[in-house]
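The structure appears right after this line, and notes come after that.
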Amino acid sequence: MIKLIKISAPTAISLNVNGEDRTVIAKPSDTLLFTLRNELGLIGAKPGCENGDCGACTILIDNLPIKSCIMLTVEAIGKNIVTIEGLKDAPIQKAFVENFGFQCRYCTSGFLMVCHSLSKMYPNADDIKIQEWLQSNICRCTGYEEIEVAIKSILNKKI
């Protein structure tokens, strides 16, 4: 059941971000990306297309990858939000470094969040599942090969 909260002006709301309850001031039209970056100083989620296409702003909401540029802040009330700043020492981070799963790094945080969630939800993911999940994000610098190698390395896949 969805709990509707009527907010008509900037209002103080509570969000659980990276395991910590935080209070922010948000307008009804504020995106979660805007609030994370401008109210909480969590700049790991990047503004790219700001219409849900590129995935540079991907975070986890209740362990699922969500593009924060198309989610309103008020929709995150009562949810568990994890940003790249809250992803501490996850195996995928080391795998990206070891397998050169980044180029300019702009899209990297979004890919890390998608890959982290994939590894938790589908620890035995096959190539089709991996490609399906990776197509939710865009990297203009690479051919995704190193990113696939990184995710496969933590899924114990043979490359």
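The values are calculated or read from the model by the stated rules, or taken from the named source; none is laboratory data. All figures in this text were calculated on a predicted structure; none of them were measured in a lab. Here the Cβ is made from the backbone with ideal geometry for all residues, glycine too, and neighbour counts use every protein chain on show. Just the protein is used for accessible areas: all its heavy atoms, side chains included, with ligands, DNA and RNA removed. Shrake-Rupley method; radii C 1.70, N 1.55, O 1.52, S 1.80 Å.
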Too long for a 23 Å Cα-Cα cut-off, among LYS88/LYS120; LYS79/LYS129; LYS27/LYS120; LYS27/LYS88; LYS67/LYS129, are LYS79/LYS129; LYS27/LYS120; LYS27/LYS88
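Suppose a student asked you for the relative contact order of the chain, using Cα pairs under 8 Å spaced at least 6 residues apart; what percent would you report? Walk me through the numbers on the way to the answer.
Values: 283 pairs, mean separation 35.2, N = 159.
Taking the mean separation of contacting Cα pairs over the length of the chain, I get 22 percent.
Return the carbon/sulfur percentage of the accessible area of the chain, one whole number, probe 1.4 Å, all protein chains in place.
Details: 4590 of 8960 Å².
In the chain, the share of accessible area belonging to carbon and sulfur is 51 percent.
Please compute the per residue accessible area over the range 1-121 with all protein chains in place, 1.4 Å probe, rounded to a whole number of Å². Please list the in-between numbers first.
On the way: 6470 Å² over 121 residues.
On a per-residue basis, the range 1-121 sits at 53 Å².
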Comparing ILE70, ILE25, ILE130 in a Gaussian network model of the chain (Cα, 10 Å), the one with the largest mean-square fluctuation is ILE25
Site ASN124, offset 7 angstrom along Cα→Cβ, radius 13 Å on amide nitrogen, limited to the range 48-71, gives none
GNM of the chain, Cα pairs under 10 angstrom: of LYS67, LYS88, LYS46, the biggest fluctuation goes to LYS88
Taking max minus min of the Cα coordinates of the range 13-159 on each principal axis, largest first, gives extents in Å of 47, 27, 23
Across LEU72, LEU32, LEU40, the residue with the highest GNM fluctuation in the chain (Cα network, 10 Å cutoff) is LEU40
The set of residues whose placed amide H lies less than 5 Å from the amide H of ARG22, leaving out same-chain residues fewer than 5 positions away, is LEU15, ASN16, VAL17
